[in-house]
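Novice: Pasting in a structure now, in structure tokens, and then I'll have a few things to ask.
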Amino acid sequence: MTLAAALLQGAAAAHAAPVQILPTKSELPPPSVQFQQGVVAYDKGDFAEAFKIWLPLAQKGDLAAMRNVALLLRKGEGTPRDPKRALWFYEEAGSKGFALAQVNAAFMHLEGDGVPKNLEAAAFWFHTASLAGSPIAEYNLAVMYERGMGVKKDVAMALGWYALAARAGSKPAIDRLAVLVPALEGPTAPERSEAPQAETAPAPLPPTIEEPGAPPPGALTPPGPATTPGTPAQAEAPASGEAPAGPTAAASAPPAGAEQPAKPAETLVPQAGAVAPEPLPPVFQNPEISEPYRF
């Protein structure tokens, strides 16, 4: 029973373990004198001497020397070009947490630099370097999520990695956020409210003109000629050939001083449809990753 339980426990642990565990970031030890001699030789243009110095250190596990040897092998400087061997050194240093080597490995897979192009592997190494805090990797990983290259297209993930790269000072990430964020769908336009009814004061009555001999206001007036109920009094017929005069301009115009009805205020409704984003940017590459590590 004890052996069976141990086997079951081991199988469960193996099933739950991730496929690959990489350190997020590795702190490099101080450079050795031998490593610095290789830097001096490289700066003098003696790439063969630099390769001769760095190779034994790389074979002993010096991460910085691994990356520099990979650089010379990839570019064919001081040694015949060997991209496959260069990628091995990049990934070996990257698997031990060296973020710059992880970014180099990602670019070799992304560009197919002497090796078959592998977008999934590029996304993996960019993600690993992003977890180590590399702004270059964060930006490029965001581009891959935005385009759906090597990963499932996910604009939300892209915005998150762009934001992290922008916080670290990446100018391309800041520019990309300035395009993508305003293009996102905004709130739904509210329903337009009814215009309020305008309340106007009644127009004042015009002053009355007193005619000579007219009874004073309030006096009783004698009844006029009787008219049949329901029959309006006939107006005097106009002179022959003259059309009845219509209302004058003064009668049709509103009295002076009367307030004009207020026009209902117009509600501005945002136009539907998001602004089309600009074309996707090229993958950002910092020239520093093509330089040897110098501490």
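The values are calculated or read from the model by the stated rules, or taken from the named source; none is laboratory data. Since the structure is predicted, the reported quantities are computational estimates derived from the model, not experimental observations. For neighbour counting, all protein chains shown are included, and Cβ atoms are generated from backbone atoms with ideal geometry for every residue, glycine included. Heads up: the accessible areas ignore ligands, DNA and RNA and are worked out on the full protein's heavy atoms, side chains in. Shrake-Rupley method; radii C 1.70, N 1.55, O 1.52, S 1.80 Å.
Novice: Could you check how many residues of segment 131-167 are at positive phi and surrounded by 20 or more Cβ atoms within 10 Å (Cβ to Cβ)? Full working, then the answer.
Specialist: Residues of segment 131-167 that are at positive phi, as a first pass: 133, 148, 150.
Going one step further and asking which of them are surrounded by 20 or more Cβ atoms within 10 Å (Cβ to Cβ), we end up with 150.
Residues flagged as at positive phi and surrounded by 20 or more Cβ atoms within 10 Å (Cβ to Cβ) within segment 131-167 amount to 1.
Novice: Tell me, which residue of segment 77-90 that is of a type outside the set (A, V, I, L, M) and assigned to a helix (DSSP H, G or I) is surrounded by the fewest Cβ atoms within 10 Å (Cβ to Cβ)? Give the steps one after another, and end with the answer.
Specialist: Within segment 77-90, the subset of a type outside the set (A, V, I, L, M) is 77-85, 88-90.
Restricting the remaining residues to those that are assigned to a helix (DSSP H, G or I) gives 83-85, 88-90.
Values: PRO83: 17, LYS84: 11, ARG85: 16, TRP88: 15, PHE89: 27, TYR90: 29.
Restricting to residues being of a type outside the set (A, V, I, L, M) and assigned to a helix (DSSP H, G or I), the top hit is LYS84.
Novice: Report, by residue number, each residue of segment 111-130 that is modelled with pLDDT of 95 or more, surrounded by fewer than 24 Cβ atoms within 10 Å (Cβ to Cβ) and assigned to a helix (DSSP H, G or I).
Specialist: Passing the criteria: LEU119, GLU120, ALA121, ALA123, PHE124, HIS127.
Novice: Take ALA93 and decide whether it is buried (at least 24 other Cβ atoms within 10 Å of the Cβ) and either farther than 18 Å from GLN285 by Cβ or among the aromatic types (Phe, Trp, Tyr) (or both). First the steps, then the outcome.
Specialist: Values: buried (at least 24 other Cβ atoms within 10 Å of the Cβ): yes; either farther than 18 Å from GLN285 by Cβ or among the aromatic types (Phe, Trp, Tyr) (or both): yes.
So ALA93 fits the description; yes.
Novice: Being in contact (Cβ under 8 Å) with a residue 12 or more places away in the chain and charged (D, E, K, R) is the filter here; which residues of segment 104-141 pass it?
Specialist: ASP113, GLU120, GLU138
Novice: In this structure, does ARG74 turn out to be basic (Lys, Arg), open to solvent by less than 20 Å² (accessible area, probe 1.4 Å), under 21 Å from VAL115 (Cα atoms) and part of a helix (DSSP H, G or I)?
Specialist: On the way: basic (Lys, Arg): yes; open to solvent by less than 20 Å² (accessible area, probe 1.4 Å): no; under 21 Å from VAL115 (Cα atoms): yes; part of a helix (DSSP H, G or I): yes.
Criteria not met by ARG74.
Novice: Another question, if that's okay. Kindly indicate whether ALA106 is under 30 Å from ASP46 (Cβ atoms) and open to solvent by less than 30 Å² (accessible area, probe 1.4 Å). Steps first, please.
Specialist: Values: under 30 Å from ASP46 (Cβ atoms): yes; open to solvent by less than 30 Å² (accessible area, probe 1.4 Å): yes.
For ALA106, the condition - under 30 Å from ASP46 (Cβ atoms) and open to solvent by less than 30 Å² (accessible area, probe 1.4 Å) - is met.
Novice: Select from segment 27-70 the residues that are in a helix (DSSP H, G or I) and among the basic types (Lys, Arg) and write down the one among them that is farthest from the chain's Cα centre (by Cα). First the steps, then the outcome.
Specialist: Residues of segment 27-70 that are in a helix (DSSP H, G or I), as a first pass: 33-43, 47-59, 63-70.
Adding the requirement that they be among the basic types (Lys, Arg) leaves 52, 67.
Working: LYS52: 48, ARG67: 35 Å.
Result: LYS52.
Novice: Follow-up question, since we're still on this one. Given the criteria free of Cβ contacts under 8 Å to residues at least 60 places away in the same chain and more than 23 Å from LYS25 (Cα to Cα), does GLY148 qualify? Write out each step before concluding.
Specialist: Values: free of Cβ contacts under 8 Å to residues at least 60 places away in the same chain: yes; more than 23 Å from LYS25 (Cα to Cα): yes.
Spelling it out, GLY148 is indeed free of Cβ contacts under 8 Å to residues at least 60 places away in the same chain and more than 23 Å from LYS25 (Cα to Cα).
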